[in-house]
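Remarks on the structure that follows.
The values are calculated or read from the model by the stated rules, or taken from the named source; none is laboratory data. The shown structure was predicted, so the numbers you read here are calculated from the model rather than taken from an experiment. Here the Cβ is made from the backbone with ideal geometry for all residues, glycine too, and neighbour counts use every protein chain on show. Quick note on the areas: whole protein, heavy atoms, side chains included, nothing else; ligands and nucleic acids left out. Shrake-Rupley method; radii C 1.70, N 1.55, O 1.52, S 1.80 Å.
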Amino acid sequence: MRLYSLTAAAKINLYLEIVGHRADGYHELVMVMQSVSLADLITVRSLSTPEIRLRCDHPQVPKDQSNLAYRAASLLASQFPDVMAHHGGVEITIEKKIPVGAGLAGGSNNAAAVLVGLDMLWQLGLTQTELQDLGAQLGSDVPFCITGGTAIATGRGEQLDPLYGLDTLYAVLGKYASLAVSTPWAYRAYRDAFIATYPDLAIARPARREAVQSGPMVSAIAHGDGPQIGRCLHNDLEKVVLPAHPQVAALKEIMAACGGLGTLMSGSGPTVFTLAESRAEAEQICQQVRDRLPDPDLGLWVTQFVPTGVQLVS
Ligand code: ATP
């Protein structure tokens, strides 16, 4: 029996700008993504029978073929039709630590870990670029989740420019367990509210990419300037998610009042994070938020920036 265990890191968005609407139905984005130390554990184990099995005991995670981890295995099996005959099938076990529907790319990173794990289990010898091209077929965040660290993501989020990483910063994450936000809903709501302001993409796309690449957030990251990173935090999706979910808006306000470098909603939410320069400061912020919001439904995590997305454990 052969088996690989991998950790798959959550991501937060330090910057998310919606540039406009693309002909393929997606939004054109300019984002700065960051991996953090909150991670799921994914195990891929070879089976003697040519099948894909999935195990996960989290009630909100689908166990069927709609699971992104299952879809990743299915995609590789279809791309390499003889692989199961040679190596057998696979049992995928997901130990969920990342909250579901949280704006932390929990499903995308499970798919990324399965692509990396099966590349080893099935001895496919794929390059990182090949894995990322396959990942882009599963979801826009999957290519980033494979490499992780710090990166500018453009296009629909799948085109990556890695940045020199910042593993000295911390992020306190806050999410209400009973609240999930659908990513497609958030983008639809944004389009409905702002479509009249969308620019001509042919002109705006290169200009916005260039503006962010040479702008203050990327410069702050290059200089390791935590306070400036905190000042540059931005997420366009807050404009639709916060008004629709006053509980998230209130959480953001309280977290911001508890100190740190800056506070933002991640992705389509509802996770909110505050940046801190040390673990001690992050733990202090976490405790203050807990004291002000003693709601058992509110999950809080102290995480550190990490330079990798998927990592082999054993
Ligand atoms: P993103 O930030 O990439 O938009 P998210 O963090 O907001 O994603 P996920 O945790 O990926 O959200 O879950 C979104 C939906 O995807 C869930 O409602 C769930 O039904 C489905 N899903 C499919 N596969 C998985 C998986 N492996 N883990 C978690 N959710 C999954």
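If you rank Thr93, Thr49 by how much accessible surface each has, with a 1.4 Å probe, what is the order from largest down?
Numbers: Thr93 35, Thr49 60 Å².
The ranking, largest first, comes out as Thr49, Thr93.
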Problem - Positive-end residue of Gly157, Ile92, Tyr26, charge dipole of the range 3-164 with Cβ unit charges - result: Ile92
Practice task
Compute the label zone of Ala204 within the range 149-164: residues whose backbone N is under 15 Å from the point 7 Å along Cα-to-Cβ.
Solution key: 155-156
Problem - Long-range amide H partners of Asp40 with built H, under 5 Å - result: Ala8, Ala10, Lys97, Ile98
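Give the carbon-plus-sulfur fraction of the accessible surface of the chain in %, rounded to a whole number; probe 1.4 Å, heavy atoms of protein chains only.
C and S atoms contribute 52 percent here.
If you take every DSSP beta bridge fully contained in the chain, what fraction is antiparallel? Give it as a percent rounded to 5.
On the way: 54 of 61 bridges.
DSSP beta bridges in the chain are roughly 90 percent antiparallel.
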Problem - Gap separating the Cα centres of the range 298-314 and the range 34-103, nearest whole Å - result: 19 Å
Fill in the blank from the handout: Glu277 and Gln213 label points (each 7 Å along its Cα→Cβ direction) are spaced in nm at 3.1 nm
Completion exercise
If one compares the long axis through the Cα atoms of helix 68-79 with the longest principal axis of the Cα atoms of the chain, the angle in degrees, nearest 10, works out at 50 degrees
Practice task
Compute the acute angle (0 to 90°) between the alpha-carbon long axis of helix 183-194 and the principal axis of greatest extent of the alpha-carbon atoms of the chain; round to the nearest 10°.
Solution key: 40 degrees
Handout entry: Equivalent ellipsoid, the range 78-144 (semi-axes from 5 times Cα gyration tensor eigenvalues, Å)
Key = 23, 15, 9
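For the range 219-279, state the semi-axes of the equivalent ellipsoid (square roots of 5 times the eigenvalues of the alpha-carbon gyration tensor), sorted largest first and rounded to whole angstrom. Show your work: numbers first, answer last.
On the way: eigenvalues 98, 36, 12 Å².
Gyration-tensor ellipsoid for the range 219-279: 22, 13, 8 Å.
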Handout entry: Backbone HN-Hα couplings from phi across the range 254-262 [Karplus 6.51/-1.76/1.60, Hz, Gly and Pro as x]
Key = 5, 4, 5, 6, 8, x, x, 8, x
Practice task
Could you tally up the Lys pairs in the chain with alpha carbons closer than 19 Å? Skip any pair fewer than 8 positions apart unless they're on separate chains.
Solution key: 11
Completion exercise
Quick calc: nm separation of the 7 Å Cα→Cβ label points for His223 and Ser314 -> 4.6 nm
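How big is the antiparallel share of DSSP beta bridges in the range 3-164, given as a percent to the nearest 5?
Working: 34 of 39 bridges.
Antiparallel: roughly 85 percent of the beta bridges in the range 3-164.
With the other protein chains left in place, how much accessible area per residue, in square angstrom, belongs to the range 1-95 at a 1.4 angstrom probe? Present the calculation step by step, with values, prior to reporting the outcome.
Numbers: 4000 Å² over 95 residues.
Here the per-residue accessible area is 42 Å².
With every protein chain kept in place and ligands, DNA and RNA left out, what is the accessible area per residue of the range 170-304? Probe 1.4 Å, answer in Å². Provide the component values of the computation, followed by the final result.
On the way: 6150 Å² over 135 residues.
That works out to 46 Å² per residue.
Extension gain Met120-Ser48, at 0.36 nm per residue separation less the Cα-Cα distance, in nm?
Working: separation 72, 0.36 × 72 = 25.92 nm, distance 1.66 nm.
Residue separation times 0.36 nm, minus the Cα-Cα distance, leaves 24.3 nm.
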Completion exercise
Note on the chain: C-alpha Rg/Rh, Kirkwood Rh, two decimals, gives 0.97
Exercise for the section: May I have the extent of the alpha carbons of the range 170-304 along their three principal axes, as whole Å values ordered from largest to smallest? Expected result: 48, 36, 19
Exercise for the section: Restricting things to alpha carbons, tell me how big the range 3-164 is in terms of Rg and Dmax, in Å. Expected result: 15.5, 48
Problem - With Cα atoms, 0 to 90° folded angle of helix 106-121 axis to the chain main axis - result: 30 degrees
